Amino acid sequence: MPRAMKITLRIAFVLCILGAVCFYSARIYIRHAMRVSLPQIDGSIHVAGLTAPVTVLRDAQGMPHIRAASLDDLAFAQGYVTAQDRLWQMDMLRRHAAGEFAEILGVGMLQHDEAQRLQQIRNTADAVVARMPPDELRYLDDYSRGVNALIAASATHLPAEFRVLHYTPRPWQPRDCVLVGLVMVQDLTTEFPIKLSREQIASKLPPELLADLYPVGSWRDHPPGRPVMDLTAPQVDIPDVPLDETQTKLRKPEDEENTQHGKDILALEKTLALGTSNFACDGCKAGSNEWAVSGDHTYSGKPLLSNDMHLAHTLPGIWYMADLTAPGLHVTGVTLPGMPFVVVGHNDSIAWGFTNLGGDVQDIYIEHTRNQQEYQTADGAWHALAHHSELIRVRGGKDITIDVLSTNHGPIITPMLPHETRDLSLKWSIYDPGTVDLPFLAINSAQNWTDFCAAMSRLGAPSQNAVYADTAGHIGYHAIGRIPVRGSMDHPSGLSGTPIDDTKEAASYEWAGYIPFDQLPQVFDPPSGILATANSRVTPDGYPFSITLNWEAPYRNERIWKKLDDTHGLKPADMLALETDLHSDVDQELAQRFAYAIDHTTNASPQLRQAADLMRSWNGDVTINSPAANIVSAAKDALWPLLLQPHLGKDRGDEWQLYKWGEMSFVQEELVVHQPARWLPAQYATWNDLLSAAVAAGLRSAHARTDLSRWPYGLTHRVDIEHPLFGTSPILRDIVHLPVGTGPEPQGGDTTTIKQVKLTVGPSERFTTDFADLDNSTLNIVNGESGNVLSPWFHDQFEAWYHGTTYPLPFSAGAVDKAATHTLTLLP
């Protein structure tokens, strides 16, 4: 062998040895970092900042039951214990809100940070803290001191993520609590990209087609308190879908500008999808289910209340379970890591749950500016633009400074859209700091409906549907949140689904205040004994204010009412079965329509004939083993481009994906059922041909098996929740060599089933309160309490979540003591 080759081989051998040493050294280092950062859960710890001992009992799921001698010590201990399990997640949540990812993750996160800075989330948090009532600020400060005590105690053994990324968390502040809250507000209220995309769609479609795509509610809606509709009765006159009267007043940009603008909007949605569910996929808006039933319907004669909130899946999950006890307060449920007290749960007298109301709290204004110095208002006057400088630190790159311009409406967000030639400002309710309160102590300590409503009247954002039940046997519903009134309070105008030209339309759409709390939709002790919401329209006919144009589709809500109506003897197990229900009436209806179309189409392939046979005999349950559910899903996806591209232009590629609307599944049902000629593309002779083509196209796009009976739904529909650092980097995953996520698992359900799911969106918790015995209540989250991969509570709850089982939620002192597996005492 030549000498040069021998030297090369020796060098390669040495490099391989060095590489292996480095690889396994990294594994040892990271696992050691994980191990030493596991929290102490037994014994005692002296913690500076407490005034009296605090007891922390942990049950089999690692849920902390915190008992303190004062509310201040309780909030302090909650911050400390939450940070024991979720410190890195908490830091990432505040960085996400503040636009500070690039500082630790590098230039790849610069676009995200710029978007957050342009939306002024961080400055909004500062403004909220500056005007926060002392009684609220006090407990944010207590909580922050608890977090900082944990950071100080963990200085030499921080969670592994901090070590891998080589940074140390800065001290926690009350502002950070607000930032974490604003993460949730942003997820649940961001609608402005939909207004931009609607304008883009409108530039290509005539008014009659546009009206079909953007209904405001549907005849299937069931607002709380309305009697249950008999859907089996003959419908002599099905009411028309309410339409948005503004949708004919739309600007039509030039074609070239239009094309580039559409690409910008799609790119913006991808940026905003980070950490949210609103733009994660079609039909993936944040949503939830909730219901309360009176004792007339239950096994015990006492109410039951259930809630499962649908959000983007993360690992660890968005919620942290906790049970909090101090003089005058005992409450249990889910908390938001980074904020004190319980968000959804029950105390010794009441229980409550939330679904997203979806109030329209954002408007886009087309501003008239000159020289980037002045803007014009509707009265013709010119005013100086406000300038605010934002420094974005970039790890491994050059720090940048951006100049944020603002008008009287809010910040100009045009830099988010590189090809936008207009100056667009964003008006958002959170820019009024009075709309962002954190009255969770008042909510947690409420003892009756009056207390509950008084506390909820202070919760300005995000707008929510709240259901309520109590030990006295009452149930109630109240819409909550500060929702703007456009025009005037006496003569409110409608909402605008597209950007508003400030000098032409501002008078009609300027905000005149907020819908008074006592005039928001509400029901107390309805005769039916049932209350339920699932993000669809909650306003009764004739309601005087416009809450939103963009309600969610009615199917989940409709199914809940249908299952609860005329039922008796309900138990917590029945509530869990309903939360995990996989039936879709609309999918079953579409299956019949697709099968009929194939039957009446000439030259259908043998595979299409088999598809028709499978669909016509399907029962509508979207289970992982159902081939028919998979066929329907593929056909639904394929139908949209077939319908939209002929009108938007095939040369525009993916621009049809700009169409996003909460009720788009209802729109599709209406089009398939009524088959209007105006929507039939020219290349198809009949709707039967179009629907058959949609099935065929869907099977091709989804790479269906030749034998469709061997193509189950779970093969192409999965759930996959991975650790954001160790689960997304192949190198780190190999180094850690431990389960760092769920892995792809087949999943039943879709966006029209009560169990509303997609790949990374779904129920974030499942909660039921049983007022016959509070210890009989149940709760589980998606993965687990801990963010540490080595913790037994990292994703121990996933199997229960995945298979539709749950865990008891002990509440009484005796039940908690019996369930406790670990006891830690925090000493002053």
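The values are calculated or read from the model by the stated rules, or taken from the named source; none is laboratory data. Note that the structure is predicted; figures quoted are calculated from it, not measured. With ideal geometry, Cβ positions are generated from the backbone for all residues, glycine too; neighbour counts draw on all protein chains shown. Calculation scope for accessible area: heavy atoms of the full protein, side chains included, ligands and nucleic acids excluded. Shrake-Rupley method; radii C 1.70, N 1.55, O 1.52, S 1.80 Å.
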- Message: Counting heavy atoms of the protein chains only and a 1.4 Å probe, report the per residue accessible area for segment 188-229 as a whole number of Å².
- Response: 23 Å²
- Note on the structure: From highest to lowest solvent-accessible area (probe 1.4 Å; ligands, DNA and RNA excluded), Y713, Y514 read Y514, Y713
- Message: As a quick test, which of the pairs K270/K755; K263/K758; K563/K636; K204/K398 have an alpha carbon distance above 31 angstrom in this structure?
- Response: K204/K398
- To the nearest 10 Å², what's R609's accessible area with a 1.4 Å probe? 90 Å²
- Query: Roughly how many debye, to the nearest 20, is the charge dipole of segment 596-658 about its Cα centre, given +1 on each Lys and Arg Cβ, -1 on each Asp and Glu Cβ, and no other charges?
  - Reply: 120 debye
- Query: Roughly how many Å is it from the Cα centre of segment 755-774 to that of segment 702-729, as a whole number?
  - Reply: 23 Å
- To the nearest 0.05, what FRET efficiency results for Y299 and D541 with a Förster distance of 30 Å applied to their C-beta separation? 0.30
- How much of the accessible area of segment 47-194, probe 1.4 Å, is carbon plus sulfur, in whole percent? 58 percent
- Task: Order the peptides 178-191, 56-69, 809-822 from the highest to the lowest mean number of other Cβ atoms within 10 Å of their residues.
- Result: 178-191, 56-69, 809-822
- Note on the structure: Residues whose modelled amide H sits under 5 Å from the amide H of E374, counting only those 5 or more places away in sequence or on another chain, are L385
- Message: On a 1.4 Å probe surface of the protein chains, which of T548, T325 comes out largest in accessible area, and what is the full order?
- Response: T325, T548
- Helical contribution to [θ] at 222 nm, DSSP H n ≥ 4, -39,500 (n - 2.57), averaged over the chain, rounded to 500: -11000 deg cm²/dmol
- Charge dipole (segment 293-371, unit charges on Cβ, about Cα centre) - positive-most of L357, P340, N307: P340
- Enter the accessible area of K562 (Å², nearest 10), with the probe set to 1.4 Å and all protein chains included. 100 Å²
- Query: Quick one: Cα centre-to-centre distance for segment 546-582 and segment 114-151, in angstrom?
  - Reply: 36 Å
- In segment 643-692, what percent of the accessible surface is made up of carbon and sulfur (1.4 Å probe, ligands and nucleic acids excluded)? 48 percent
- On the accessible surface of segment 729-828, probed at 1.4 Å, how many percent belong to carbon and sulfur atoms? 60 percent
- Please give the solvent-accessible surface of W793 in Å², to the nearest 10, using a probe radius of 1.4 Å with every protein chain present. 20 Å²
- Query: Gap in Å between the Cα centre of segment 23-66 and the Cα centre of segment 613-643?
  - Reply: 48 Å
- Relative contact order computed over the chain (Cα-Cα under 8 Å; 6+ residues apart), in percent: 19 percent
- Message: Check which residues have an amide H placed less than 5 Å from S528's amide H, if you skip close sequence neighbours.
- Response: none
- Item | Accessible surface ranking that places the most exposed of K427, K195, K398 first, with a 1.4 angstrom probe | K398, K427, K195
- Query: Given R₀ = 51 Å, FRET efficiency for K818-I28 by Cβ-Cβ distance, to 0.05?
  - Reply: 0.80
- Three-way shape label, segment 2-114, alpha-carbon gyration tensor, a/c 1.5: oblate
